[in-house]
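Here's the structure, in structure tokens; my notes come after.
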Amino acid sequence: MINRRDCRRGSDKKAVLRVIIGQLANHLTAAVLAVVAFYLSLITTSLPPAPQDRPKIDAAIAVLEQKGFDQEAFLLKRTVTYRSTDHWLNSLIRDENAYASTNFPFQIITLYSDFYTKTVDDTERAMVLLHEARHLMGENENEAYAYVWRNRHKLGWTIATHGTTPSYISIEQITRDMAPEVFNCPGRLWMDCTEKPKTGE
Ligand SMILES: [Zn+2]
């Protein structure tokens, strides 16, 4: 049996619940608007890539697709806004390499001149984008450098194909600094855990 007092208590509870839901909705709307405003401020204070640079970005993503990096290629193709100059946030906090910089979770990638000029071909540019794609997934520098180094044979960016390029030499050095655990295998060539075991010893 439900008496009148229970009924009033029930409607009081409903009223309180409605107020709480209303306030939550207001806060959520304010939060979404703040994120959108922040994102737009990043976009409007930077420039998009020049039209002649766009084919190089597309070609690098195509290399990733061909080599089986489907998830990364999808993110780079469908979720990213590309820029060519630093927005206000990057100019405050950037400590990335000179090729590119990613703002997670805003899915903004800024590509600098080294991406176009220091790299020697589409595969090397794919290597740069593969690193940035790992940031799009929330990975830190250690994880992103280690992932690219461990997957460079799959990508086709190896000492045999690119070992003498300025990018290979500098990325190997940075990877040794950022992901030392990948170079901690005494039985492998150059201590590199991704290389073949040493022979003749
Ligand atoms: Zn990085």
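In summary, residue 197 fulfils each of the numbered conditions (1) of a type outside the set (Phe, Trp, Tyr); (2) within 24 Å of residue 109 (Cβ to Cβ); (3) in contact with a strand residue (DSSP E or B) (Cβ under 9 Å, 6 or more places away or on another chain) with the single exception of condition (2). Highlighted here are the helices (runs of 4 or more DSSP H) found entirely within region 51-142 that include at least 1 residues which are within 13 Å of the ligand (Cβ to nearest atom), in the same structural domain as residue 175 (by TED's automatic domain parsing) and not small (Gly, Ala, Ser): 88-93, 113-117, 122-136. Of all residues in region 175-192, those satisfying the criterion of being hydrophobic (A, V, I, L, M, F, W, C) and surrounded by 15 or more Cβ atoms within 10 Å (Cβ to Cβ) are 178, 179, 182, 183, 185, 191. Close Cβ contacts (under 9 Å, 6 or more residues apart or on different chains) running from residues in region 28-53 that are more than 18 Å from residue 107 (Cβ to Cβ) to residues that are polar (S, T, N, Q) and at pLDDT 95 or above comprise 50/84; 53/84.
Cβ separations smaller than 6 Å between residues 6+ apart or across chains give no pair from region 125-146 residues that are over 21 Å from residue 183 (Cβ atoms) and without any contact (Cβ under 8 Å) to a residue 24 or more places away in the chain to residues that are in a helix (DSSP H, G or I) and more than 11 Å from the ligand (Cβ to nearest atom). Would you confirm, using the coordinates I've provided, whether residue 157 is more than 12 Å from the ligand (Cβ to nearest atom), touching an Asp or Glu at 6+ places or on another chain (Cβ under 9 Å), modelled with pLDDT of 95 or more and not in a helix (DSSP H, G or I)? Answer is yes for this residue.
Restricting to region 171-194, and then to whatever is under 20 Å from the mean Cα position of the chain (by Cα) and touching a residue at least 40 places away in the same chain (Cβ under 8 Å), can you tell me which residue is nearest to residue 120 (Cα to Cα)? Filtering first and then ranking leaves 171. Taken together, the residues in region 91-120 that are touching a residue at least 12 places away in the same chain (Cβ under 8 Å) and charged (D, E, K, R) amount to 2.
Would region 164-171 turn up any residue that is closer than 20 Å to residue 64 by Cβ, of a type in the set (Gly, Ala, Ser) and surrounded by 15 or more Cβ atoms within 10 Å (Cβ to Cβ)? Among the residues of region 164-171, at least one is closer than 20 Å to residue 64 by Cβ, of a type in the set (Gly, Ala, Ser) and surrounded by 15 or more Cβ atoms within 10 Å (Cβ to Cβ), which makes the answer yes.
The values are calculated or read from the model by the stated rules, or taken from the named source; none is laboratory data. Just so it is clear, the structure is predicted and the values come from calculations on it, not from any experiment. Positions of Cβ are backbone-derived with ideal geometry, glycine not excepted, and every protein chain shown enters the neighbour counts.
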